[in-house]
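Asks: So that we are looking at the same thing, I have put the structure below in structure tokens.
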Amino acid sequence: MENDNLENLKSFLEEELFLIPEDLKKLEEELSGSGSGINLNGMPKAIVASPPSSSPPVRSETSELEKVKEEVKAEPIPLKGNFTKGILILHEESELSAEVMDMLVKMINACGHSMNEVGMVSSEVLENRSMEDFQALNAHVVLKFGRIKHPINAISAPPYEIYAEEETEYLFADALTSISEDKNLKRKLWSSLQVLFNLSTGTK
């Protein structure tokens, strides 16, 4: 009877048996004790289930976070104005007073441009932004007024002198508020702007 049962079992098994060591030993003892002389070689090969390995490797949350940060691109620096001529004005003040703004408008108009053609950004907005973010603006002319919290300060442009680097021209001057209150600074700035914008031969 046992022979028949085992033969039937063998005929229906298409996959290998998975036995834990205890069950395999018990099966061997039962078959040996029965005296039936059954050969286990006729059975499908039993595979002893191995215990689960130690805990799987855990991904480093830090490395995953760094990967996400690399994939996320920084938002462009927000500018005031249409910036159609690539003229960028950086100013120290968070907000410009009406008097200072009036002086700036007249100054830009005297250079042959309008405020719609320039872009403006304050030191507060530029703070914590990288030089790469700044260069992404692709400014052709940069007018920096006052102290700006940005790596652009590392550019070695002498005050009130035109400094060219690659395809960008820089002019660094005092804060617009200080210039609006000092006639000498106004004259100094105007002289520099005439050189920058080639006002004697036409505008850029």
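Each value in this text was obtained by applying a stated rule to the coordinates, not by laboratory testing. Because the structure is predicted, anything quoted here is derived from the model rather than measured. Cβ coordinates were reconstructed from backbone atoms using ideal geometry, including for glycine residues, and neighbour counts include every protein chain displayed.
Asks: Starting from 0 in steps of 10 Å, tell me what percent of the Cα-Cα pairs of the range 87-196 lands in each bin.
Replies: Pairs per bin, as whole percents: 14, 52, 32, 3.
Asks: Next up: Under unit Cβ charges (Lys, Arg +1; Asp, Glu -1), what dipole magnitude, rounded to 20 debye, does the range 67-204 have relative to its Cα centre? All intermediate terms of the calculation are to be shown ahead of the outcome.
Replies: On the way: 15 positive and 21 negative charges, 56 e Å.
Rounded to the nearest 20 debye, it is 260 debye.
Asks: If I model a spin label as a point 7 Å beyond the Cα along the Cα-Cβ vector, how far apart are those points for Glu132 and Ala110 in nm?
Replies: Result for the modelled spin labels: 4.1 nm.
Asks: Please compute the modelled spin-label separation between Asn184 and Ser200, points set 7 Å along Cα→Cβ, answer in nm with one decimal.
Replies: 2.5
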